[in-house]
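Read-outs throughout are calculated quantities, based only on the coordinates presented, and are distinct from any laboratory measurement. Model, not experiment: these values are computed from the prediction. When we count neighbours, we look across all protein chains shown, and the Cβ atoms used for this are built from the backbone with ideal geometry, even at glycine.
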Amino acid sequence: MEVYLLRHGEAEESFRIPDEERSLTPAGRRGLGDVLLRARAAGAGASLILASPLRRAVETAELAAEILGTHARILTTDALRPDAVPAEVWDAIRTNSGENQILLAGHEPLLSQAIAFLLGAPAAQIDMRKGSLARVDIDQFGSEPRGVLRWLITPQLAAQA
């Protein structure tokens, strides 16, 4: 399975509205668009998209579906909320192990921790900037993951290409 972990793009400031309702900014959408176009060129897709229920993550998931050209269902899950733990992310992936490509849209620090966990290296430090997308391949769904990091695209990298 190809697992894509996508951090939401830049969002509105939290002092104006509740955190759960913060929306992507135009700059956040542009940065995500650059990353997702590069990912599409690399063959990224999704047969299922899971997103945190927070607005900016749902908007990120919707933008990913549009740019990647997929008709995948978008489901929200508490396993991708900012206060979730990597084991919950792994459980969500394992529950959907019949999918070929799954995209997860969420937040930091959860996503960098989840990538390290999926690689079997929970102490690893992963720099998931806003709008970044990582691909981790997983071929076994036992109690502990042993994935392989294939690539990580940041908005800064995508804009330079």
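Residue by residue through region 1-30, note down the ones that are of a type in the set (A, V, I, L, M, F, W, C) and touching a residue at least 12 places away in the same chain (Cβ under 8 Å).
Filtering region 1-30 for residues of a type in the set (A, V, I, L, M, F, W, C) gives 1, 3, 5-6, 11, 15, 17, 24, 27.
Listed by number, the residues that qualify are Met1, Val3, Leu5, Leu6, Ala11, Leu24, Ala27.
Going by the structure shown, is Ala41 among the hydrophobic types (A, V, I, L, M, F, W, C) and without any contact (Cβ under 8 Å) to a residue 24 or more places away in the chain?
Criteria met by Ala41.
From Arg40, Arg30, which residue is in a helix (DSSP H, G or I), closer than 21 Å to Ile115 by Cα, more than 14 Å from the chain's Cα centre (by Cα) and not aliphatic (A, V, I, L, M)? Before you say what the answer is, go through the steps one by one.
On the way: Arg30 fails: closer than 21 Å to Ile115 by Cα.
Matching residue, one of Arg40, Arg30: Arg40.
I'd like the residue in region 134-143 that is part of a loop (DSSP other than H, G, I, E, B) and touching a helix residue (DSSP H, G or I) at 6+ places or on another chain (Cβ under 8 Å) and, out of all such residues, is farthest from Met1 (Cα to Cα).
The first filter runs over region 134-143 and keeps only residues part of a loop (DSSP other than H, G, I, E, B), leaving 138-143.
With the extra rule that they be touching a helix residue (DSSP H, G or I) at 6+ places or on another chain (Cβ under 8 Å), the set shrinks to 138, 141.
Numbers: Ile138: 5, Phe141: 10 Å.
Here the answer is Phe141.
The conditions are (1) crowded, with 18+ Cβ neighbours inside 10 Å; (2) closer than 17 Å to Ala72 by Cα; (3) touching a helix residue (DSSP H, G or I) at 6+ places or on another chain (Cβ under 6 Å), and Met1 fails exactly one of them. Which is it?
(3)
Of all residues in region 112-133, which are assigned to a loop (DSSP other than H, G, I, E, B) and either under 12 Å from the mean Cα position of the chain (by Cα) or buried (at least 23 other Cβ atoms within 10 Å of the Cβ) (or both)?
Answer for region 112-133, where residues must be assigned to a loop (DSSP other than H, G, I, E, B) and either under 12 Å from the mean Cα position of the chain (by Cα) or buried (at least 23 other Cβ atoms within 10 Å of the Cβ) (or both): Met128, Arg129, Lys130, Gly131, Ser132.
Give me the residue from region 134-152 that is farther than 14 Å from Ala39 by Cβ and small (Gly, Ala, Ser) and, out of that set, surrounded by the most Cβ atoms within 10 Å (Cβ to Cβ).
For region 134-152, the residue satisfying everything is Gly147.
Considering only residues that are over 18 Å from Ser143 (Cα atoms), free of Cβ contacts under 8 Å to residues at least 40 places away in the same chain and in contact with a Phe, Trp or Tyr (Cβ under 8 Å, 6 or more places away or on another chain), which ones fall in region 65-108?
Scanning region 65-108 gives no hits.
Does region 129-150 hold any residues that are closer than 16 Å to Ile102 by Cβ and not basic (Lys, Arg), and which are they? If you could, list the steps in order and put the result at the bottom.
Going residue by residue through region 129-150, those that are closer than 16 Å to Ile102 by Cβ are 133-141, 145, 147-150.
If the condition is that a residue be closer than 16 Å to Ile102 by Cβ and not basic (Lys, Arg), then Leu133, Ala134, Val136, Asp137, Ile138, Asp139, Gln140, Phe141, Pro145, Gly147, Val148, Leu149 are the ones that fit.
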